[in-house]
Amino acid sequence: MSARGPRQSLLLPLLIPFAALVVIGAALWGFSRVLLNTTHAAATVVALVAAAGIVAIAAYVAARRNPGNAALFSMLGGAAGVAMLAGGVALVAAPPHGEEEGGGPAVVIVAPPNAAADGFAQDAYTVPAEIAFEIGFDNQDPGVPHNVFIAEEEGGTNLFEGATINGPATTTYAIADPLADGEYFFFCSIHPTTMTGTLTAAPDAGGEGGDGGEGGAGGVTVVAEELAFSPTDVEVPADTPATITLDNRDDVGTFGQHNLAVYQDDSFATQIAATDLISGPGTGTVELPPIAEGSYPFRCDVHPTMLGTVNAVAGGGEGEGGDAGGGDAAEEPPPDDPGG
């Protein structure tokens, strides 16, 4: 009995700091999860509030004449409580980082029903180069697993391997290692022969109101949002190749896909150039061939009520939307093979 008493008395001082470290570690881990899931501003406020609360509790305990173990544990518990309370308020009041930035994924890759046989809804996308970004993956194929892998080239080294999800479901892939400027091969590793496409990493891709590509002069951006284009009038230089970027901000699950197609006249019988169908949020480009001075209508072929006008202006077209006219139609037709 006499030996057991001293052994127990030695064990308690060892357990106290160990338990304190466990409590502190758990509080720090939980606090870090909170800060990572709030906005930058909210995380700063939470950290300051938690620090002020800890200092206040520590000052109160230190002011006591004989603070014992119970007081110390109360201080630890109070500090953790202040941190978690502030973090909980921040989680409710502030959105996560993705919502704060307002950009969302750079592109949304869609696997439609029967994708295993028919492939992805779109086989070409443009993403930002040299920066980390996100890809939204929308698997609409009921009961069928799909994913998105990115490789240097077809059959080359995989640069990114996305998690597999069973449809219908959505997920977001974080591409933490930036892609260099260039073209890449993307595919579903489960259906690698049918579900394939090209991912182009471009310096100006994915930005809000960017210049929209490098394929010619007069680069302009048209936004598709809530089934409407903005601006509805844009200028490009006449008789010069030009680029129009479509920034589709409409969620594909609500509004479907959009494109931007430029036509010879209001009959919409002769198409000059067009983007691919784009699942929002995402971007695509129209590479216009040299067109004569005049006005050319554009529309979304999926939603024909989404309309606008391209004004080809002699010596003009600085990449801004405008009201410059230029006649009812082009005096000369565009080349026979305008591309698109």
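Output the number of residues of segment 252-275 satisfying the condition of being part of a helix (DSSP H, G or I) and among the small types (Gly, Ala, Ser).
Of the residues in segment 252-275, 1 are part of a helix (DSSP H, G or I) and among the small types (Gly, Ala, Ser).
Name, by its number, the condition in (1) at pLDDT 90 or above; (2) surrounded by fewer than 15 Cβ atoms within 10 Å (Cβ to Cβ) that does not hold for residue 309.
(2) is the only condition that residue 309 fails.
How many residues does segment 276-297 hold that are within 30 Å of the chain's Cα centre (by Cα), surrounded by 24 or more Cβ atoms within 10 Å (Cβ to Cβ) and assigned to a loop (DSSP other than H, G, I, E, B)?
Residues that pass the stated criteria total 2.
When the residues of segment 92-138 are filtered to those that are modelled with pLDDT under 65 and part of a helix (DSSP H, G or I), which remaining residue is surrounded by the fewest Cβ atoms within 10 Å (Cβ to Cβ)?
So the residue we want is 92.
Being charged (D, E, K, R) and surrounded by fewer than 20 Cβ atoms within 10 Å (Cβ to Cβ) is the filter; apply it to segment 139-169 and report the residue that is nearest to the chain's Cα centre (by Cα).
For segment 139-169, the residue satisfying everything is 161.
Looking only at segment 250-275, count every residue that is under 25 Å from the mean Cα position of the chain (by Cα), over 18 Å from residue 312 (Cβ atoms) and of a type outside the set (Phe, Trp, Tyr) and tell me the total.
Qualifying residue count, segment 250-275: 10.
The values are calculated or read from the model by the stated rules, or taken from the named source; none is laboratory data. Just so we're clear, the structure is a prediction, and the values are computed from it rather than from any experiment. Cβ sites come from the backbone with ideal geometry, for glycine too, and all protein chains shown count toward neighbours.
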